[in-house]
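Q: The structure is given below, and queries will be raised subsequently.
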Amino acid sequence: MTDSFFHIAIDGPVAAGKGTISRLASKKLQFLYVDTGAMYRMTAFLAHANKIPYSKENKIVELIKNSTMEMRNPTKDEQDGRLTTVFLDGEDVSWKIRTKEIGQGASKVAILSEVRKILVKKQKIIAKNKNVIMEGRDITYKVLPKADLKIYLTAKTEERAKRRLLQFQQKGFSTSLEEVISSVKRRDTRDMGRATDPLKIVPDAWEIDTSDMDIEEVVDLIIERVNKMRAK
Ligand code: DC
């Protein structure tokens, strides 16, 4: 157990439904929802805005150290489909970090071990003394290794690509299913194959394949399990 607070750690590949499921479950449980991918996206956004290549570790570390990253649940005025509100140096970049370019950039800067060290430290601080649902790629074994509940959320590649395509279309980005499938595969290869803290399933994780499930079903399954655990 993690002291008297309940920590739910969720890892999984791109577009497995981690964000939507975590957000809905966090509302029902009244836990804080933390989207750690947004921090890697903000890092890529910073590099892109400053014309720094995604591989330049020292420069990127410097940029993060000189910036502030804040995240909170969306307010009533921000109900535009976002799952979390993200501020980089005080600017609301919640949507600016959701582009294809920044998504690919995020998985590139996520390879850099010094960048990971800084962001993991920030994430541990955020979770301290709080009930949280935190999702990402290394949460179950690196950020919250003592989490009360560890979940590996996944779905078939084509299903994930279809979901991502729908999200892009809703945002008005033009792309094809084939293009999204190859982009999802590229991200998976990079996220699972990197040397530092790759995406993996830990032995004590509960694996949920969401390919044939709807969002509500998954959320209910998680809530039921959490309620049972907390009642003990
Ligand atoms: O969850 P997302 O698609 O917003 O994440 C963007 C990228 O950030 C993803 O390709 C991998 C990286 N990431 C990571 O390496 N570790 C995390 N805890 C979260 C995200």
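The values are calculated or read from the model by the stated rules, or taken from the named source; none is laboratory data. Since this is a predicted model, take the numbers as computed values, not measurements. Virtual Cβ from ideal backbone geometry, glycine too; neighbours counted across all protein chains shown.
Q: When region 37-75 is examined, which residues are found to be more than 17 Å from ASP92 (Cα to Cα) and in contact with a Gly (Cβ under 6 Å, 6 or more places away or on another chain)?
A: Of everything in region 37-75, just one residue is more than 17 Å from ASP92 (Cα to Cα) and in contact with a Gly (Cβ under 6 Å, 6 or more places away or on another chain), namely TYR54.
Q: For ILE222, state whether it is buried (at least 21 other Cβ atoms within 10 Å of the Cβ), among the aliphatic types (A, V, I, L, M) and touching a residue at least 40 places away in the same chain (Cβ under 8 Å).
A: Yes: the conditions hold for ILE222.
Q: Continuing with the same structure: From the list VAL86, VAL109, VAL61, which one is over 15 Å from the mean Cα position of the chain (by Cα) and among the aliphatic types (A, V, I, L, M)?
A: None of the others qualify; the one that does is VAL61.
Q: Which residues, taken from region 172-184, are within 20 Å of TRP95 (Cβ to Cβ) and surrounded by fewer than 12 Cβ atoms within 10 Å (Cβ to Cβ)?
A: GLY172, SER174
Q: Also, I was wondering about something else. Which of the residues spanning region 1-48 are of a type in the set (D, E, K, R) and in contact (Cβ under 8 Å) with a residue 40 or more places away in the chain?
A: Going residue by residue through region 1-48, those that are of a type in the set (D, E, K, R) are 3, 11, 18, 23, 27-28, 35, 41.
If the condition is that a residue be of a type in the set (D, E, K, R) and in contact (Cβ under 8 Å) with a residue 40 or more places away in the chain, then ASP3, ASP11, LYS18, ARG23, LYS28, ASP35, ARG41 are the ones that fit.
So that you can scan it fast, the table gives a plain yes or no per residue for (1) surrounded by 13 or more Cβ atoms within 10 Å (Cβ to Cβ); (2) among the hydrophobic types (A, V, I, L, M, F, W, C); (3) modelled with pLDDT of 95 or more:
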| residue | (1), (2), (3) |
| --- | --- |
| ILE60 | yes, yes, yes |
| ASN66 | no, no, yes |
| ASP80 | no, no, no |
| ILE97 | yes, yes, yes |
| VAL120 | yes, yes, yes |
| TYR141 | yes, no, yes |
| ALA155 | yes, yes, yes |
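Q: Right, something else. LEU166: under 29 Å from ILE223 (Cβ atoms), of a type outside the set (D, E, K, R) and surrounded by fewer than 22 Cβ atoms within 10 Å (Cβ to Cβ), yes or no?
A: Judged against the criteria, LEU166 is a match.
Q: Which residues, counting only those in region 98-124, are assigned to a loop (DSSP other than H, G, I, E, B) and within 11 Å of the ligand (Cβ to nearest atom)?
A: Within region 98-124, ALA110, ILE111, LEU112 qualify.
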